[in-house]
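Provided herewith is a single structure, encoded as C-alpha cells, for subsequent inquiry.
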2 protein chains.
Amino acid sequence: MNQNLLSSQPYKGARDFYPEDMRIRNYIFSTWRKVCELYGFDEYDFPILENLEVFASKSGEEIVGTQLFSFVDKGDRKVAIRPELTPSTVRMIAGRYDQLPKPIKWFMIGNNWRFEKPQKGRGREFYQLEANIFGVPEIEADFEIFSMIIDIMSAFGANESMYRIYFSDRRLISALLNDYLQLDDNKQFVARRLMDKRKKVTEQEFALMLTAAGLTKTQAESIEGFMQCKFESLSKIIPSDILATNNGYSNVQKLEKLLKKFDLMKYCEFDPAIIRGFDYSDGLVYEVFDKNPENRRSMFGGERFDRLINIYGKYDLAATGFAMGDITLQEFLIGWNLLPELATKTQVVVTRFPNSTAQLEEYTQKIARDLRKAEITVDLYTTGDKLEKQLKYADKKGIPFVIIAGDDEMQRNVVKLKNLKTKEQKEVTVTDIEKELRN
Amino acid sequence: MNQNLLSSQPYKGARDFYPEDMRIRNYIFSTWRKVCELYGFDEYDFPILENLEVFASKSGEEIVGTQLFSFVDKGDRKVAIRPELTPSTVRMIAGRYDQLPKPIKWFMIGNNWRFEKPQKGRGREFYQLEANIFGVPEIEADFEIFSMIIDIMSAFGANESMYRIYFSDRRLISALLNDYLQLDDNKQFVARRLMDKRKKVTEQEFALMLTAAGLTKTQAESIEGFMQCKFESLSKIIPSDILATNNGYSNVQKLEKLLKKFDLMKYCEFDPAIIRGFDYSDGLVYEVFDKNPENRRSMFGGERFDRLINIYGKYDLAATGFAMGDITLQEFLIGWNLLPELATKTQVVVTRFPNSTAQLEEYTQKIARDLRKAEITVDLYTTGDKLEKQLKYADKKGIPFVIIAGDDEMQRNVVKLKNLKTKEQKEVTVTDIEKELRN
C-alpha cells in the first residue's frame with residue numbers, strides 16, 4: 001500500500017482552511033454579513049454548478065474562453081462551475097421576477113472558480129461578497145452601495161488613507177468614442193479594451209496600441225487626455241453640448257454631491273480610466289484600490305448592469321452592485337496590519353485524570369455537560385494522556401482555562417480551575433465554575 | 001434576442017436559495033455551528049474540487065462508479081467535485097499530521113454533489129455537517145459524538161419520540177461472518193452488502209439473496225437471526241467465547257453504560273442491522289432514523305474509521321464522527337412541525353417621500369445612516385414610488401416598522417414611526433427613534 005500513497009495537498013491553486021485560516025474566513029464573512037444586514041439586504045445563494053449557457057453569453061470573454069471549469073455531466077448536459085456570481089443572481093431574479101417585492105436588495109457570499117496560473121493574491125478559487133440593488137434606476141441606489149462599501153471597509157478598520165474608490169460612468173466613454181470621436185463599433189470595442197488596461201502600460205505604449213488599432217494620432221491624444229482628466233476638466237476634452245445631454249455626466253455630478261454631503265468624498269475619486277472588463281457594465285463603474293505603496297492595485301469593483309437581465313426575457317429592472325473577493329481583502333488587511341488576533345472559541349478544557357475510575361470519569365463528564373448547558377464552550381478530553389500533555393494541548397490551542405479533578409476533588413465536589421494565561425490555579429466548587437469562567 | 005432566451009431555472013437537481021430559503025439554511029447551519037462549538041470543535045473547510053484520487057480509492061463504489069461529478073481540467077488533471085466530506089478531511093489531517101495538536105476535534109459545513117435522479121429528499125447537491133474526533137481510540141469519544149448529535153437534535157426542538165440513533169459495531173459482523181460462520185472473503189463482502197440493504201427487502205427475499213450468493217440455508221438463518229436480535233441475546237447467535245474476545249462487543253457494552261448513566265439511552269438503540277455502506281467504516285457504526293410514521297427512514301449516520309488515514313501514509317490516528325445532511329434534516333423538521341417562523345433581519349424601512357427635495361432626501365438618508373450606526377438594520381427606500389407602494393413593500397417583506405418623513409416632519413425634526421403589525425403610528429423625535437425601535 002505504501003508505494004501508492006496519495007498526496008495530502010489540495011487541488012492546485014485551491015485552499016485548505018485549517019482552523020486558524022477558518023477563523024479569518026469567518027471573521028471576514030461575518031463582517032460582510034453584518035454590514036449588508038445593516039443596510040437591509042437579504043442573503044441568498046445558488047448552486048456552484050450551472051448550465052454552461054448562464055456564463056457563455058455574458059461573462060467577459062477571458063473568463064469564458066480560457067478560465068471556465070466546464071464539462072459535460074453524466075446526462076450529457078454542458079455545465080460549468082461558476083466563475084463569478086452576477087449572472088446566476090440575475091437568473092434567479094428572472095426566475096421569480098413577478099413575485100419578488102421590488103426593489104430587491106440582495107447579498108450572498110460564494111465561492112468562484114477560474115482556471116488561472118496560481119500566483120500571489122490569485123488562486124483558482126476565491127470567495128466573493130456579491131451585493132446588488134435591483135429595481136432602482138436612480139443614483140441614490142449607487143450612493144447606498146458606496147456607503148455600504150465604505151462601512152464594510154470601516155468595519156475592518158480601514159480609513160481613507162488606506163483605500164480609494166475610483167469611479168466613472170461608461171456613458172462618458174460613449175460620449176468620447178461615439179458621440180465626439182465618432183469611431184465605428186469595432187474601433188470603439190478595441191479602444192475600450194485598451195483603455196481598461198491603460199494603467200498597465202506607459203503613455204507611449206498606449207498611444208502606439210491605439211494607432212495600431214487604426215485610430216488617428218489626434219484621436220489617441222484625445223483618449224489619453226480623457227483618461228488623465230479630472231471631472232471638472234471633462235469639458236476640455238469632450239464638447240460641452242455632448243456632456244450636457246449625457247446621463248453619465250449628470251449621474252457622476254449627483255453622486256459627487258451626495259458623497260460630499262455625507263463627508264464620504266474623502267474615500268472616493270472620479271477617474272475616467274475606470275472601465276471594467278465585463279460586457280454587461282452599462283453605467284456607473286468603480287474600482288476600489290489599495291493605497292498601500294507596496295501593493296497598489298485594484299482590489300474589487302462594481303457597476304451598473306441595467307440590461308443584463310434581458311438575456312432571460314423582456315424585463316425592466318435596473319441593477320447596480322459590486323463583488324468583493326476574500327483573498328485580495330485578506331491581503332489588504334494584512335498589508336495594513338488590520339487583521340485581528342482571532343482566538344479559538346473554546347473557553348475551557350475539562351481534563352481526564354489519568355487512569356480514572358468510571359466514577360471519576362463520569363464526574364468530569366457531568367461537569368462538561370452542565371457547563372455546555374450554561375452555554376460555555378467545553379473541550380472534554382476523552383483519552384488517557386498524562387495531565388502534562390493535556391495542559392500543553394490546551395495551551396497550544398490557545399484555550400484559556402483548564403479544569404482538573406481527581407478523586408480527592410470529586411469527594412469534595414470541587415475542581416481545580418487553572419488560568420493558562422496567568423498560570424493561576426484555584427479550587428472552585430462545581431456550582432461556581434460557570435461564574436468563575438464568566439469573570 | 002428574444003428567440004434565444006436562457007432558462008431561469010438552476011441546474012437540474014440543485015437548489016436556488018431565495019431569501020426565505022436562505023433563512024432556513026442559516027438557521028440550520030447556525031444551530032449546527034453553535035452546538036459543535038459548545039463541544040470544543042474547531043471549524044475547518046477545504047475546496048469543493050479535489051484531485052479524483054482522493055475519492056477513487058475509498059468512497060463507496062456506488063458513489064465513485066456512477067455518482068461522481070468528475071472531469072479533466074484544462075491542465076489535464078483528473079478532478080472531481082466532492083461527493084462527501086470525510087476523505088478530504090482525512091487528507092487535510094495527513095497534510096499537517098505532525099503539527100496539529102491531538103486529539104483533533106473538527107467540524108465543517110459543506111456542499112456535496114452526486115449525480116443522482118432527483119427525488120423527494122434527494123437532490124444532486126446537499127450540504128452536510130461533518131464532525132469528527134481524531135486521535136481517541138476510546139469509546140468515550142464516540143459517547144461525546146452521540147451526546148453532540150442528541151444536543152443538536154434537541155437544539156432543533158426534537159425529542160426522543162421523534163428520532164432514534166440505532167447503533168452497532170462492524171466487528172460484530174466479523175464475529176458473525178468470519179469467526180463464527182467462517183465465510184470466505186468474497187462471501188463476507190457480498191453478505192455485508194446485502195445486510196446493509198436488509199431493511200429494504202422482505203425476510204424471504206433476503207434469505208433468497210444470501211443463498212443465491214452461495215451461503216447455506218443455515219448460514220442465512222444465522223444472519224437473519226443476528227439482524228433481528230437485541231444486544232442481550234447476541235450470545236444466542238454467536239458463541240460466547242467469540243463474543244468474549246470481540247472488541248466490538250465490549251465497545252457497545254461500554255457505550256450503553258454511558259448512555260444510560262446520562263439518561264441518553266432513550267434516544268438510542270442497539271441494532272445489528274446497521275452496517276453503513278462506506279468501505280472505510282471499521283468499528284462502531286450508527287444511523288439516525290426519523291420515527292415519523294409517514295417518513296420512517298435513515299436521516300444520517302456515522303462511524304469509526306480508524307484506518308482511513310493510512311491511504312496517506314503510516315499514521316496512527318483513531319477516528320470517529322458523523323455527517324448530517326441539510327435536506328433530510330429540513331424534511332424531518334417540517335415533518336414534526338419544528339421549523340420556526342424565520343423573519344427578515346431588517347427592522348425598519350425608511351421611506352422616500354415622493355418628489356422629495358434634495359434637502360428632504362438628505363434628511364431621511366441621515367436618519368438611516370444614524371440608525372445603522374446604532375446597529376439598527378435599515379432598508380432605505382431610494383426610488384420614487386408612491387408611499388402606499390413603499391408600505392406594501394415593507395409589509396410583504398415582513399419588516400415590522402416604517403419611518404415616514406415629509407417636509408413638515410423635517411421642519412420639526414421628527415418622523416412618523418409606523419408599526420405594521422399593530423398599525424399604530426406615532427410621531428417621534430429623530431433622537432428617540434432608536435429607543436422606540438428597541439422597545
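What is the one condition in (1) farther than 25 Å from B:Gly301 by Cβ; (2) aliphatic (A, V, I, L, M); (3) touching a Cys at 6+ places or on another chain (Cβ under 7 Å) that B:Leu208 does not satisfy?
Every condition holds for B:Leu208 apart from (3).
Let me ask something else. Of all residues in segment A:221-270 being assigned to a helix (DSSP H, G or I) and basic (Lys, Arg), which is farthest from A:Phe305 (Cα to Cα)? So that I can check it myself, show each step before the final result.
Taking segment A:221-270 first, the residues assigned to a helix (DSSP H, G or I) are A:221-228, A:231-237, A:240-244, A:247-261, A:265-267.
So of that shortlist, the ones also basic (Lys, Arg) come out as A:236, A:254, A:257, A:260-261, A:266.
Numbers: A:Lys236: 29, A:Lys254: 19, A:Lys257: 22, A:Lys260: 25, A:Lys261: 26, A:Lys266: 26 Å.
Out of the qualifying residues, it is A:Lys236.
Right, something else. Considering only residues of segment B:254-277 that are farther than 20 Å from A:Arg369 by Cβ and out of contact with any helix residue (DSSP H, G or I) (no Cβ under 8 Å at 6 or more places or on another chain), which is surrounded by the most Cβ atoms within 10 Å (Cβ to Cβ)? Before you say what the answer is, go through the steps one by one.
Going residue by residue through segment B:254-277, those that are farther than 20 Å from A:Arg369 by Cβ are B:269-277.
After this cut, where a residue has to be out of contact with any helix residue (DSSP H, G or I) (no Cβ under 8 Å at 6 or more places or on another chain) as well, the list is B:269, B:271, B:274.
Working: B:Glu269: 17, B:Asp271: 21, B:Ile274: 28.
Step by step, filter segment B:254-277, then rank; the result is B:Ile274.
Kindly indicate the residue of segment A:229-248 that is without any contact (Cβ under 8 Å) to a residue 60 or more places away in the chain and surrounded by 14 or more Cβ atoms within 10 Å (Cβ to Cβ) and also farthest from A:Lys199 (Cα to Cα) among those meeting that condition. It would help to see each step written out before you state the result.
Within segment A:229-248, the first condition is being without any contact (Cβ under 8 Å) to a residue 60 or more places away in the chain, and the residues that meet it are A:229-233, A:235-236, A:239-241, A:244-245.
Narrowing the set further to residues that are surrounded by 14 or more Cβ atoms within 10 Å (Cβ to Cβ) leaves A:229, A:231, A:235.
On the way: A:Cys229: 14, A:Phe231: 18, A:Ser235: 23 Å.
The extreme case among them is A:Ser235.
Let's see how each residue does on (1) within 14 Å of another protein chain (Cβ to nearest Cβ); (2) modelled with pLDDT of 95 or more; (3) touching a Ser or Thr at 6+ places or on another chain (Cβ under 9 Å); (4) closer than 30 Å to B:Val54 by Cβ:
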| site | (1), (2), (3), (4) |
| --- | --- |
| B:Lys261 | yes, yes, no, no |
| B:Met265 | no, yes, no, no |
| B:Cys268 | no, yes, no, no |
| B:Ala273 | no, no, yes, no |
| B:Gly277 | no, no, no, yes |
| B:Ser281 | no, no, no, yes |
| B:Asn292 | no, no, no, no |
| B:Asn295 | no, no, no, no |
| B:Ser298 | no, no, yes, yes |
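When you go through (1) more than 19 Å from A:Val288 (Cβ to Cβ); (2) buried (at least 22 other Cβ atoms within 10 Å of the Cβ); (3) out of contact with any Asp or Glu (no Cβ under 9 Å at 6 or more places or on another chain) one by one for A:Val136, which number turns out not to apply?
That leaves (3) as the condition not met.
Mind telling me which of the residues B:Thr86, B:Thr66 ends up being under 19 Å from B:Asn112 (Cβ atoms), touching a residue at least 12 places away in the same chain (Cβ under 8 Å) and more than 11 Å from every other protein chain (Cβ to nearest Cβ)?
B:Thr86
Let me ask you something else. Being more than 23 Å from A:Phe226 (Cβ to Cβ) and out of contact with any Gly (no Cβ under 8 Å at 6 or more places or on another chain) is the filter here, so list the residues in segment A:252-304 that pass it.
A:Leu258, A:Lys260, A:Lys261, A:Phe262, A:Asp263, A:Leu264, A:Lys266, A:Tyr267, A:Lys291, A:Pro293
Tell me, which strands (runs of 3 or more DSSP E) lie completely within segment B:295-391 with 1 or more residues that are in the same structural domain as B:Gln128 (by TED's automatic domain parsing), under 30 Å from B:Asp196 (Cα atoms) and touching a Leu at 6+ places or on another chain (Cβ under 6 Å)? Quick ask: steps written out before the conclusion?
On the way: elements: B:297-304, B:319-325, B:348-350, B:378-380.
In segment B:295-391, B:297-304, B:319-325 are the strands (runs of 3 or more DSSP E) which contain 1 or more residues that are in the same structural domain as B:Gln128 (by TED's automatic domain parsing), under 30 Å from B:Asp196 (Cα atoms) and touching a Leu at 6+ places or on another chain (Cβ under 6 Å).
Let me ask another. Can you tell me which residue in segment A:109-133 is surrounded by the fewest Cβ atoms within 10 Å (Cβ to Cβ), limited to those that are under 13 Å from the mean Cα position of the chain (by Cα) and facing chain B (nearest Cβ under 9 Å)?
Here the answer is A:Asn111.
While we're here: Would you check which residues across segment A:407-430 are closer than 30 Å to A:Glu20 by Cβ, surrounded by 13 or more Cβ atoms within 10 Å (Cβ to Cβ) and of a type in the set (Val, Ile, Thr) and list them?
Once the filter is applied, which keeps residues that are closer than 30 Å to A:Glu20 by Cβ, surrounded by 13 or more Cβ atoms within 10 Å (Cβ to Cβ) and of a type in the set (Val, Ile, Thr), segment A:407-430 yields only A:Val415.
So is A:Gly75 within 30 Å of B:Gln365 (Cβ to Cβ) and part of a loop (DSSP other than H, G, I, E, B) or not?
no
All but one of (1) under 21 Å from A:Asn111 (Cα atoms); (2) within 7 Å of chain A (Cβ to nearest Cβ); (3) in contact (Cβ under 8 Å) with a residue 40 or more places away in the chain; (4) touching a Lys or Arg at 6+ places or on another chain (Cβ under 6 Å) hold for B:Gly13; which doesn't?
(2)
So in segment A:17-35, with the set limited to residues that are touching a helix residue (DSSP H, G or I) at 6+ places or on another chain (Cβ under 7 Å) and more than 9 Å from every other protein chain (Cβ to nearest Cβ), which one is surrounded by the most Cβ atoms within 10 Å (Cβ to Cβ)?
Per the stated criteria, the residue is A:Trp32.
Within segment B:362-384, restricting attention to residues that are surrounded by fewer than 18 Cβ atoms within 10 Å (Cβ to Cβ) and of a type in the set (Asp, Glu), which residue is nearest to the chain's Cα centre (by Cα)?
This residue is B:Glu375.
While we're looking at this one, here's another question. Checking B:Arg96 against (1) among the charged types (D, E, K, R); (2) at the interface with chain A (Cβ under 8 Å from one of its Cβ atoms); (3) surrounded by fewer than 16 Cβ atoms within 10 Å (Cβ to Cβ); (4) touching a Leu at 6+ places or on another chain (Cβ under 9 Å): exactly one of these is not met. Which one?
(4)
Looking at A:Ile404, A:Ile433, A:Ile399, which is the one that is surrounded by 14 or more Cβ atoms within 10 Å (Cβ to Cβ), within 14 Å of chain B (Cβ to nearest Cβ) and not polar (S, T, N, Q)?
Working: A:Ile404 fails: within 14 Å of chain B (Cβ to nearest Cβ); A:Ile433 fails: within 14 Å of chain B (Cβ to nearest Cβ).
Of A:Ile404, A:Ile433, A:Ile399, the one residue that is surrounded by 14 or more Cβ atoms within 10 Å (Cβ to Cβ), within 14 Å of chain B (Cβ to nearest Cβ) and not polar (S, T, N, Q) is A:Ile399.
Could you tell me which numbered condition A:Phe226 fails, if it satisfies all but one of (1) in the same structural domain as A:Ile165 (by TED's automatic domain parsing); (2) surrounded by 20 or more Cβ atoms within 10 Å (Cβ to Cβ)?
With (1) in the same structural domain as A:Ile165 (by TED's automatic domain parsing); (2) surrounded by 20 or more Cβ atoms within 10 Å (Cβ to Cβ) applied to A:Phe226, the lone miss is (1).
Is there a residue being more than 28 Å from A:Lys117 (Cβ to Cβ), more than 9 Å from chain A (Cβ to nearest Cβ) and in contact (Cβ under 8 Å) with a residue 40 or more places away in the chain anywhere in segment B:37-56?
no
Among the residues of segment A:172-195, write down those that are within 25 Å of A:Ser250 (Cα to Cα) and within 27 Å of the chain's Cα centre (by Cα).
The answer is A:Arg192, A:Arg193, A:Met195.
If you check A:Leu417 against the conditions, is it at pLDDT 95 or above and either polar (S, T, N, Q) or within 27 Å of B:Leu259 (Cβ to Cβ) (or both)? Write out each step before concluding.
Numbers: at pLDDT 95 or above: yes; either polar (S, T, N, Q) or within 27 Å of B:Leu259 (Cβ to Cβ) (or both): no.
No; evaluated as a whole, the condition is false for this residue.
Working carefully through the options A:Glu362, A:Glu375, A:Glu341, find the one that is away from chain B (no Cβ under 13 Å) and more than 20 Å from B:Lys102 (Cβ to Cβ).
Of A:Glu362, A:Glu375, A:Glu341, the one residue that is away from chain B (no Cβ under 13 Å) and more than 20 Å from B:Lys102 (Cβ to Cβ) is A:Glu341.
Could you pull out the residue among B:Lys389, B:Lys423 that is under 25 Å from A:Trp106 (Cβ atoms) and within 41 Å of the chain's Cα centre (by Cα)?
B:Lys389
If you check B:Phe134, B:Phe156, which single one turns out to be modelled with pLDDT of 95 or more, farther than 27 Å from B:Ile309 by Cβ and among the hydrophobic types (A, V, I, L, M, F, W, C)? Steps first, please.
Details: B:Phe134 fails: farther than 27 Å from B:Ile309 by Cβ.
Only one candidate passes the filter, namely B:Phe156.
Say whether the condition of being outside the structural domain of A:Met299 (by TED's automatic domain parsing), small (Gly, Ala, Ser), under 30 Å from A:Glu232 (Cβ atoms) and buried (at least 23 other Cβ atoms within 10 Å of the Cβ) is met by at least one residue in segment A:180-194.
Yes, segment A:180-194 contains a residue that is outside the structural domain of A:Met299 (by TED's automatic domain parsing), small (Gly, Ala, Ser), under 30 Å from A:Glu232 (Cβ atoms) and buried (at least 23 other Cβ atoms within 10 Å of the Cβ).
The values are calculated or read from the model by the stated rules, or taken from the named source; none is laboratory data. Since we're looking at a predicted model, the values are computed, not measured. Backbone-built Cβ (ideal geometry, glycine too); neighbour counts: all protein chains shown.
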